[in-house]
Amino acid sequence: MFNVYLDDWRSGPRNTYNEPDPDWDQWIICRHVDQVKYLLELGLVHKLSLDHDLGTNTITGELNPDGSALVKWMIEENKWPKGEITIHSENYTAAKNMKADLDRFRPR
């Protein structure tokens, strides 16, 4: 079981004082939605922390799938982490929408 941190540039979870999480070594950092999908499909995700904006593809210049795309996939495929889901995105509107979708569709 893994704790998964989806982010395109941050180096890992931080606490409320913006210091590295003391349990950072228990997290896998994923830079792309497909990496998280793979781990969810295998049932290997305990905690999940999501960013929304995940940058651009360096080859094509197109935007990478974002955190909202992952949330929509999780809902459609009914693939969920075993533990909590947090959103650490600085994109307030997108984070709010992701949280609303998770609150509405995640099984209790």
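Probing with 1.4 Å while keeping every protein chain in the model, the per residue accessible area of the chain equals 64 Å². Its DSSP H runs of at least 4 residues, each contributing -39,500 (n - 2.57), put the calculated 222 nm mean residue ellipticity of the chain at -9500 deg cm²/dmol, to the nearest 500. Place a point 7 Å from the Cα of residue 91 along the Cα-to-Cβ direction; which residues of region 47-61 have their backbone N under 20 Å from it? It comes to 48-61, nothing else. Relative to its Kirkwood radius, the Cα radius of gyration of region 58-108 gives an Rg/Rh of 1.02. Take every DSSP beta bridge whose two residues both sit in the chain; close to 15 percent of them are antiparallel.
Between (i) 18, 18, 15; (ii) 29, 12, 11; (iii) 27, 17, 9, which entry matches semi-axes √(5λ) of the Cα gyration tensor in Å as derived from the coordinates of this structure? This structure yields the entry labelled (i). Applying both filters, DSSP loop and at most 15 other Cβ atoms within 10 Å, to the GluC sites (Glu not before Pro) of region 49-79 gives 62.
Positive contributions from Lys and Arg (+1) and negative ones from Asp and Glu (-1), summed over other residues with Cβ under 12 Å from the Cβ of residue 73, come out at -3.
The values are calculated or read from the model by the stated rules, or taken from the named source; none is laboratory data. Since this is a predicted model, take the numbers as computed values, not measurements. Cβ coordinates were reconstructed from backbone atoms using ideal geometry, including for glycine residues, and neighbour counts include every protein chain displayed. Note: accessible area is taken over every heavy atom of the protein model, side chains too, but ligands, DNA and RNA are not part of it. Shrake-Rupley method; radii C 1.70, N 1.55, O 1.52, S 1.80 Å.
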